[in-house]
1. Condition first: touching a residue at least 24 places away in the same chain (Cβ under 8 Å) and in a loop (DSSP other than H, G, I, E, B). Now tell me which residues in segment 24-56 satisfy that.
2. Only residues that are over 10 Å from the mean Cα position of the chain (by Cα) and surrounded by fewer than 16 Cβ atoms within 10 Å (Cβ to Cβ): list them for segment 10-26, please.
3. For GLN71, only one of the following conditions fails: (1) at pLDDT 95 or above; (2) part of a loop (DSSP other than H, G, I, E, B). What is its number?
4. Which members of segment 74-93 meet the condition of being open to solvent by 100 Å² or more (accessible area, probe 1.4 Å) and either assigned to a loop (DSSP other than H, G, I, E, B) or modelled with pLDDT under 90 (or both)?
5. Please specify each residue of segment 9-43 satisfying the condition of being closer than 13 Å to ILE83 by Cα and small (Gly, Ala, Ser).
6. May I ask you to verify whether SER35 is hydroxyl-bearing (Ser, Thr, Tyr) and open to solvent by 30 Å² or more (accessible area, probe 1.4 Å)?
Amino acid sequence: MDARNALGTASELMVALNLTERGYEVFHSYDGKTSCYLVILKGGKLQQVEVKSQSRSIKNGRAGIQTLKRQADILAVVCNRTISYYPPLPRDD
């Protein structure tokens, strides 16, 4: 496994752990050939999650991410061990 794949796998596991801690049931793809990286379930709602790893590379004064390659309900961006969700996840009560 090259460094890029290792970073992607680590980011997926980091997001899965974070979502589990937020009370979601998390289902993970292990072969990378599925239509999404993670599927989450909470309150009867099933959602697909795509995970992207990003370094703070600035182009034209903005940090950017590549266009999604897959159809997902939620995008999780991991940058410097911080996870941002788009759209934002509901706050825990």
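1. Within segment 24-56, SER35, CYS36, TYR37, GLN54, SER55, ARG56 meet the criteria.
2. ALA10, LEU17, THR20, GLU21, ARG22, GLY23, GLU25
3. (1)
4. Scanning segment 74-93 gives ASN80, ARG81, PRO88, ARG91, ASP93.
5. Passing the criteria: ALA10, SER11, ALA16.
6. Considered against the rule, which asks whether it is hydroxyl-bearing (Ser, Thr, Tyr) and open to solvent by 30 Å² or more (accessible area, probe 1.4 Å), SER35 comes out as yes.
The values are calculated or read from the model by the stated rules, or taken from the named source; none is laboratory data. Bear in mind the structure is a predicted one, so any value in this text is a computation, not a measurement. With ideal geometry, Cβ positions are generated from the backbone for all residues, glycine too; neighbour counts draw on all protein chains shown. In case anyone asks, the SASA skips ligands and DNA or RNA and just uses the protein heavy atoms, side chains included. Shrake-Rupley method; radii C 1.70, N 1.55, O 1.52, S 1.80 Å.
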